[in-house]
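K.L.:
Dumping the structure here so I can ask a few things about it.
The values are calculated or read from the model by the stated rules, or taken from the named source; none is laboratory data. Note that this is a predicted model, so its numbers are computed, not measured. Ideal geometry is used to build each Cβ from the backbone, glycine not excepted, and the neighbour counts take in all protein chains shown.
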Amino acid sequence: MSDFQTHLPILAIIVPCYNEEEMFPITFPTLVGLIDDLCLKGKVNDNSFVCFVNDGSRDRTWQLIESAADANPKRIKGIKLATNFGHQNALMAGMMTMRTECDCMISIDADLQDDIAVIETMVDKHREGFKVVYGVRNKRNTDTFFKKITAQLFYRIMQRMKVKTIYNHADFRLIDRVVADQLALFGEVNLFLRGMFPLIGFASTEVIYDRKERMAGETKYPLKKMISFAWDGITSFSTYPLRLIFLMGVFIFFVSMLLAVLAVIPVFYGKTIQGWASTVIPIFVFAGIQIISIGLIGEYVGKIYKEVKARPRFIIETIKNNNSETKD
Ligand code: UDP
Ligand code: MG
């Protein structure tokens, strides 16, 4: 390897695959070709590779990965998960296993809906010093009307819940190895990766691309999975829904006070039904108090939830004049 080569970053492309036997024969030569091309252009190290993570596929995906890896061991690696763990976990498995083998990695779906032409731009941005490069879709013209609306609603809610997310960014991104090392410190089980990188920090930028339609096979994200993923995104990053209960309780309590006054006034005019005010007022007041109490418990549950996640409290990028470092 020439001296020039050793300075180039080793790129790993991580591809989660679930029942992708139709897509794989197109995906692997495309990505290998792309890496060969980037090597020729002197943008990435010749040891760069693609890693396919088989997420418990029930079709022939793993056999295909194995034979491709046998035929081209330099460029193709494969990880076989024991069963189907889901897209996010499969991606995590790929990144955590390969982070010691490369300098930067790009995650991309097996269906190549994301434009691989911007991978070169991502690599360029990484060379400029960005540690995270988010792939961002410029428009959603390949989406159905329903998906467009629900996606927009999702980003809106996330914003309201004070969760930092990159608008129109899914899981097509480049990360530097140092970012992957930090990601390893996040011990959570309910993964929502796109929400985690903004938490980690480091210099980041975006590249814009058009998302295409799936070339072969069908979506592995039916509506049910999409909703549960969105729900995970909200509940894994925000305890705001719990606070809403508390606020709702306070609101109901004050409304009940107002209603209590309104219920009492007719008493002075003697126009009431016997026992009505004394029955209804406690119902109002106690409803408010109960919801406040639930909300208050929610506040603590939220804190416990954050504690058990054991996320790192801070992430240091560099330390200047670090003694412990110079001693080594
Ligand atoms: N995938 C996975 N495990 C799953 C579901 C999906 O590894 O349980 C992979 C799938 O093979 C693909 C990527 O995740 O590479 C995204 O899935 P898909 O393209 O079906 O989702 P969509 O683009 O329709 O949201
Ligand atoms: Mg897709």
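K.L.:
Listed residues Ile149, Ile166, Ile116; which is within 30 Å of Leu244 (Cβ to Cβ) and out of contact with any strand residue (DSSP E or B) (no Cβ under 7 Å at 6 or more places or on another chain)?
P.N.:
Ile149
K.L.:
Specify the residue that is surrounded by the most Cβ atoms within 10 Å (Cβ to Cβ); the eligible residues are those in region 74-94 that are aliphatic (A, V, I, L, M) and either more than 12 Å from the chain's Cα centre (by Cα) or more than 16 Å from ligand 2 (Cβ to nearest atom) (or both).
P.N.:
It comes out as Ala90.
K.L.:
Okay, moving on. Look at region 123-151 and say how many of its residues are among the small types (Gly, Ala, Ser) and either under 20 Å from the mean Cα position of the chain (by Cα) or assigned to a helix (DSSP H, G or I) (or both). Walk me through how you get there before you give the answer.
P.N.:
Residues of region 123-151 among the small types (Gly, Ala, Ser): 129, 135, 151.
Retained after the next criterion (residues that are either under 20 Å from the mean Cα position of the chain (by Cα) or assigned to a helix (DSSP H, G or I) (or both)): 135, 151.
Selection size over region 123-151: 2.
K.L.:
Still on this model: Go through (1) modelled with pLDDT under 95; (2) more than 15 Å from ligand 1 (Cβ to nearest atom); (3) out of contact with any Leu (no Cβ under 9 Å at 6 or more places or on another chain) one by one and return the number of the condition Asp111 breaks.
P.N.:
Evaluating Asp111 over (1) modelled with pLDDT under 95; (2) more than 15 Å from ligand 1 (Cβ to nearest atom); (3) out of contact with any Leu (no Cβ under 9 Å at 6 or more places or on another chain) leaves (2) as the failure.
K.L.:
Can you tell me which residue is surrounded by the most Cβ atoms within 10 Å (Cβ to Cβ) among those in region 95-118 that are assigned to a loop (DSSP other than H, G, I, E, B) and away from ligand 2 (no atom under 16 Å from the Cβ)?
P.N.:
Step by step, filter region 95-118, then rank; the result is Cys102.
K.L.:
In region 188-197, is there at least one residue being closer than 17 Å to Thr144 by Cβ, within 14 Å of ligand 1 (Cβ to nearest atom) and within 12 Å of the chain's Cα centre (by Cα)?
P.N.:
The answer is no; no qualifying residue exists.
K.L.:
Give Met161, Met92, Met105, Met98 a once-over and let me know the one that is at pLDDT below 95, within 20 Å of Ser204 (Cβ to Cβ), of a type outside the set (Lys, Arg) and in contact with a helix residue (DSSP H, G or I) (Cβ under 9 Å, 6 or more places away or on another chain).
P.N.:
Checking each option against the conditions leaves just Met92.
K.L.:
A follow-up question, please. Which numbered condition trips up Gly129, out of (1) away from ligand 2 (no atom under 16 Å from the Cβ); (2) touching a Leu at 6+ places or on another chain (Cβ under 8 Å); (3) touching a residue at least 24 places away in the same chain (Cβ under 8 Å)?
P.N.:
With (1) away from ligand 2 (no atom under 16 Å from the Cβ); (2) touching a Leu at 6+ places or on another chain (Cβ under 8 Å); (3) touching a residue at least 24 places away in the same chain (Cβ under 8 Å) applied to Gly129, the lone miss is (2).
K.L.:
Which residue, of Ser293, Ser256, Ser278, Ser236, is assigned to a helix (DSSP H, G or I) and under 30 Å from Met196 (Cβ atoms)?
P.N.:
Being assigned to a helix (DSSP H, G or I) and under 30 Å from Met196 (Cβ atoms) holds for just one of Ser293, Ser256, Ser278, Ser236, which is Ser236.
K.L.:
With surrounded by 17 or more Cβ atoms within 10 Å (Cβ to Cβ) and either part of a helix (DSSP H, G or I) or in contact (Cβ under 8 Å) with a residue 60 or more places away in the chain (or both) as the only criterion, which of Gly187, Gly195 stands out?
P.N.:
So the residue among Gly187, Gly195 that is surrounded by 17 or more Cβ atoms within 10 Å (Cβ to Cβ) and either part of a helix (DSSP H, G or I) or in contact (Cβ under 8 Å) with a residue 60 or more places away in the chain (or both) is Gly195.
K.L.:
Spot the failing condition for Asn72; the list is (1) more than 15 Å from ligand 1 (Cβ to nearest atom); (2) at pLDDT 95 or above, and only one is missed.
P.N.:
Result: Asn72 fails condition (2) only.
K.L.:
Can you go through Ile26, Ile65, Ile14, Ile35 and tell me which one is in a strand (DSSP E or B) and either farther than 19 Å from Leu112 by Cα or β-branched (Val, Ile, Thr) (or both)?
P.N.:
Ile14
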